[in-house]
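Here the structure is laid out as structure tokens; the discussion comes afterwards.
The values are calculated or read from the model by the stated rules, or taken from the named source; none is laboratory data. All figures in this text were calculated on a predicted structure; none of them were measured in a lab. A quick note on method: Cβ atoms are made from the backbone with ideal geometry, for glycine too, and the neighbour counts reach across all protein chains shown. Ligands, DNA and RNA are excluded from the accessible area calculation, which covers all protein heavy atoms including side chains. Shrake-Rupley method; radii C 1.70, N 1.55, O 1.52, S 1.80 Å.
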Amino acid sequence: MFVIHTFVLVIDNMACLRQTITMAEEAIYKAFGRAVATRRRKLELTQAELAARVGMSRASVANIESGRQSVLLHHVYGLAEALKIAKISDLLPAKPSNRENTDMIILSDEEVTPRAKAQITDLIANALAQRGAKKAGS
Amino acid sequence: MKADPEKARKAARAIVRDFGVKGAPVPVERIIKSKNIVLQYAPLDEDLSGMAYIKDGVGIIGINALHHPNRQRFSAAHELAHHELHEREIRKAVHVDHGFRMLLRDDVSSQGVEPLEIEANAFASELLMPNEFLMTALRATGLDIEDDAGIEALARKFRVSSSAMRYRLAGRF
């Protein structure tokens, strides 16, 4: 019983922590979760199999994938390794604040999902920021 | 616009030559960077392979980081083709590519593929699997198109997917 009690407390703690984050920050965890889920399915792993490789519970993997749980840094490393992602940055979503000045982009294919459009918008913002930083540095 | 895959292959051959590439695998990432294009990897939806765009004079290639590295190489070469051949189009709008879903369609439906994609695939295939290098490799070992292990070994050498290699050998790019 004691164990179950502690577990409930931990969940409560987590819920408290999550109340302090903004919508934009929540989007980071959702995007990270989707990247994990997409990659996991690609490797044809179940949530339980991935959990075993990383050393966490299946419920934690499910929560991370749905963006309900703020992932811990050592879990990010573990997940990247278990998902055979060479560079951790490949699993990380873009900083949400980068999105502002590229909201007006036009896509060649308007049938892409809003989520894909957001991913592409982020990617472009990051690329432009990277080039901007290079110019400023030179 | 009618597709001109031969023009695309010619452009790819010129790059391989100008870059002084001596053999497989062709360093597509270095070629892209040498052209001052920003190459960016990010997790994208499964059906997206990549994108090409020129914004305020900055050339951008985006690749789905969740795909297999060899598939990423083909996507990168495909997007480079849009920069080399379709500059006008990718200045106007972000060009989004869905990759192999289209390549793996049968002959009848793939006739509906846009000319831009036919050219980009021809370019990418010639860039990563240059005819000259392919002939050298085939002369050394010989190859039966039904020989799966042989095709996989060849694909590994060129660092492309085996389906890309099969398409190339069947002359369908």
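Peptide B:57-67 has a mean of 5 when you count, residue by residue, the C-beta atoms of other protein chains within 10 Å of its C-beta. The lysines within cross-link reach of residue B:92, meaning a Cα-to-Cα straight distance under 29 Å and a gap of 8 or more places when in the same chain, are A:95, A:117, A:134, A:135, B:2, B:7, B:10, B:33, B:35, B:55.
When B:173, B:123 are compared by accessible area at a 1.4 angstrom probe, the order from most to least is B:173, B:123. With all protein chains in place and ligands, DNA and RNA left out, the 1.4 Å accessible area ranks B:55, A:87 as A:87, B:55, largest first. Taking the C-alpha atoms only, the angle from helix B:5-18 to the longest principal axis of chain B is near 80 degrees.
Let's test this: bin the Cα-Cα distances of chain B at 5 Å from zero up to the farthest pair and state each bin's percent. Spelled out bin by bin, chain B gives 1, 9, 18, 22, 22, 16, 8, 3, 1, 0 percent.
Ellipsoid fit via the Cα gyration tensor, the stretch A:28-80: semi-axes of 14, 12, 10 Å, each the root of five times an eigenvalue, largest first.
Neighbours of residue A:58 by Cβ distance under 11 Å: Lys/Arg scored +1, Asp/Glu scored -1, total -2. Accessible area of residue A:84 (1.4 Å probe, protein heavy atoms only, ligands and nucleic acids ignored): about 140 Å². Stokes-Einstein diffusion of the stretch B:109-173 at 10 °C, 1.306 mPa s viscosity, Kirkwood radius from Cα pairs, rounded to a whole number: 129 µm²/s. Counting Cβ atoms of other protein chains within 10 Å of each residue's Cβ and taking the mean over peptide A:121-132 gives 6. Rolling a 1.4 Å probe over the protein heavy atoms leaves residue B:136 with an accessible area of roughly 80 Å².
Counting only DSSP beta bridges with both residues in the stretch B:1-95, the antiparallel share comes to about 60 percent.
By a 1.4 Å probe calculation restricted to protein chains, residue B:166 has an accessible surface near 80 Å², given to the nearest 10.
Taking only the C-alpha atoms of the stretch B:48-93, the Rg (one decimal) and the largest Cα-Cα distance, Dmax (whole number), read 10.6, 31 Å.
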